[in-house]
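Shown next, in structure tokens, is the structure this report addresses.
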Amino acid sequence: MSEEQLIGSLPRTRRHPPRLTDAYGRSITYLRLGVTDRCNLRCQYCMPAAGIRFLPRHDILTFEEMERLVALLVGMGIEKVRVTGGEPFVRRGLLHFLRSLRAIPGLESLHVTTNGVLVAPLVSELKELGIAGINLSLETLSREGFIRITRRDLFDDVLRTLHEVVSASIPLKVNAVIQGGVNTDAIVPLARLAEFLPIQVRFIEEMPFNGRADVETKWDAGRILADLRAAYPQIRRVDERSSTASVYEIPGFAGTVGIIGGHSRTFCGSCSRVRITPAGKLRTCLYGDGVLDLRQLLRSGAGDRELATAIQARVLGRARDGFEAEAGSALGSSYSMATIGG
Ligand code: SAM
Ligand code: SF4
């Protein structure tokens, strides 16, 4: 056998690009993928009443482009993908897209973040396609409060989704952005959902991404915890591996509560995530404007190796934390979370 024949007869394994790691040794295993910037609500903390300047359709990645990127990133170490937006369910063909993501070999879990307005009738299909968990945004249990915060009268649709997701035993997290002067009185009633339901209710510090140029209200993680402690003095912190939320148990509760110090940036040290925006920008931090234009690369015919090299370089240039990213950024609060893929 010649040398060439010998080499040709050896089993071949596919060479993957190197696993994504940043300059501080953090592995990147979690991708948040924004599939649209459009939305059927107008939450005050996310966008103005008139909405934002939504992207023309051509500027948004196609599902095929997104699927290609996800498959490439899974080969580079991404284990978990969360589909978000805007409101992901307003994009036509979303269920089909979720199914195709689910079929990507090596992807361990697929999650979705939604406002729940359109989801109740789709819950059984989501269950059947193997969605690993749903995050549902809900800032209050009062209908009037809901209308004031979201500027839409769709409270019943969201509650129906909550009910269906719990009934289908899909792991559920309820996310509530807390704004001083708006919904701090909803903290305890929302926490009580976890008394009877095996879910996690998470309170999120408001971040300055509301599509306007004003400052966020200050009801930080410490104040949220103080409100919870006043109602539940026995509340006790429990750890959850590399979670962005500080998780708490309350005696007698079926579920847990969490607090996300997104603005205090308490979890940057263990951050394992990157984002791809609906326009195909790779972002390595919410607070920074250092981005890689994947759409431009894809549409100019870049091959997988070129994409992987560019992604790895962008990840290596990632800031140490959200404060460093913000310091070097021209991003202002006129940015909406719906554009970033929150
Ligand atoms: N429309 C879906 C929803 O509301 O769940 C998904 C997109 S939304 C932009 C994703 C997450 O970002 C939601 O949990 C929402 O509460 C959060 N979010 C939006 N604006 C925020 C802000 N200014 N501060 C903190 N979280 C925010
Ligand atoms: Fe829409 Fe979600 Fe933003 Fe609310 S938070 S306006 S539901 S994208």
> Within segment 1-56, can you find the residues that are under 17 Å from R275 (Cβ atoms), aliphatic (A, V, I, L, M) and either surrounded by fewer than 16 Cβ atoms within 10 Å (Cβ to Cβ) or at pLDDT 95 or above (or both)?
Replying inline: L31, L33, V35
>> Can you tell me which residue is nearest to ligand 2 (Cβ to nearest atom) among those in segment 139-165 that are surrounded by fewer than 20 Cβ atoms within 10 Å (Cβ to Cβ), hydrophobic (A, V, I, L, M, F, W, C) and more than 22 Å from A50 (Cα to Cα)?
In response: L159
> Quick one: which of F203, F209 is more than 29 Å from S124 (Cβ to Cβ), within 16 Å of ligand 2 (Cβ to nearest atom), modelled with pLDDT of 95 or more and within 21 Å of the chain's Cα centre (by Cα)?
Replying inline: F203
>> When you check V123 against the structure, is it closer than 19 Å to P171 by Cβ, in contact with a Phe, Trp or Tyr (Cβ under 8 Å, 6 or more places away or on another chain) and buried (at least 16 other Cβ atoms within 10 Å of the Cβ), yes or no?
In response: no
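Let's see how each residue does on (1) within 23 Å of A279 (Cα to Cα); (2) within 16 Å of ligand 2 (Cβ to nearest atom); (3) in contact with an Asp or Glu (Cβ under 6 Å, 6 or more places away or on another chain):
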{"residue": "R92", "(1), (2), (3)": "yes, no, no"}
{"residue": "L98", "(1), (2), (3)": "yes, no, no"}
{"residue": "E108", "(1), (2), (3)": "no, no, yes"}
{"residue": "H111", "(1), (2), (3)": "yes, yes, no"}
{"residue": "P121", "(1), (2), (3)": "no, no, no"}
{"residue": "E125", "(1), (2), (3)": "no, no, no"}
{"residue": "E128", "(1), (2), (3)": "no, no, no"}
{"residue": "I131", "(1), (2), (3)": "no, no, no"}
> Among the residues of segment 135-145 satisfying the criterion of being in a helix (DSSP H, G or I) and either touching a Lys or Arg at 6+ places or on another chain (Cβ under 8 Å) or charged (D, E, K, R) (or both), which is farthest from ligand 1 (Cβ to nearest atom)?
Replying inline: E144
>> For the structure I just gave you, tell me whether G116 is of a type outside the set (S, T, N, Q), modelled with pLDDT of 95 or more, within 16 Å of ligand 2 (Cβ to nearest atom) and in contact with an Asp or Glu (Cβ under 8 Å, 6 or more places away or on another chain).
In response: yes
> Picking from G322, G332, which residue would you name as being within 15 Å of ligand 1 (Cβ to nearest atom), modelled with pLDDT under 95 and surrounded by 20 or more Cβ atoms within 10 Å (Cβ to Cβ)?
Replying inline: G322
> Looking at segment 133-159, which of the residues that are in contact (Cβ under 8 Å) with a residue 60 or more places away in the chain and aliphatic (A, V, I, L, M) is farthest from C46 (Cα to Cα)?
Replying inline: L154
> So which residues in segment 166-181 are of a type in the set (S, T, N, Q) and exposed (fewer than 15 other Cβ atoms within 10 Å of the Cβ)?
Replying inline: S167, S169
> Being within 16 Å of ligand 2 (Cβ to nearest atom), closer than 22 Å to E205 by Cβ, among the hydroxyl-bearing types (S, T, Y) and within 19 Å of the chain's Cα centre (by Cα), is that true of even one residue in segment 22-31?
Replying inline: no
>> over 24 Å from the mean Cα position of the chain (by Cα) and either under 24 Å from A132 (Cα atoms) or aliphatic (A, V, I, L, M) (or both): which single residue out of A226, A245 fits that description?
In response: A226
> Restricting the search to segment 84-125, which residues are in a strand (DSSP E or B), more than 21 Å from D157 (Cβ to Cβ) and within 16 Å of ligand 1 (Cβ to nearest atom)?
Replying inline: L110
>> Which of the numbered conditions does V81 fail, given that it passes all the others? Conditions: (1) of a type outside the set (K, R); (2) outside any helix (DSSP H, G or I); (3) under 16 Å from the mean Cα position of the chain (by Cα); (4) within 16 Å of ligand 2 (Cβ to nearest atom).
In response: (4)
> Can you pull out the residues in segment 287-302 that are buried (at least 23 other Cβ atoms within 10 Å of the Cβ) and either of a type in the set (S, T, Y) or over 19 Å from P56 (Cβ atoms) (or both)?
Replying inline: Y287
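The values are calculated or read from the model by the stated rules, or taken from the named source; none is laboratory data. Just so we're clear, the structure is a prediction, and the values are computed from it rather than from any experiment. Here the Cβ is made from the backbone with ideal geometry for all residues, glycine too, and neighbour counts use every protein chain on show.
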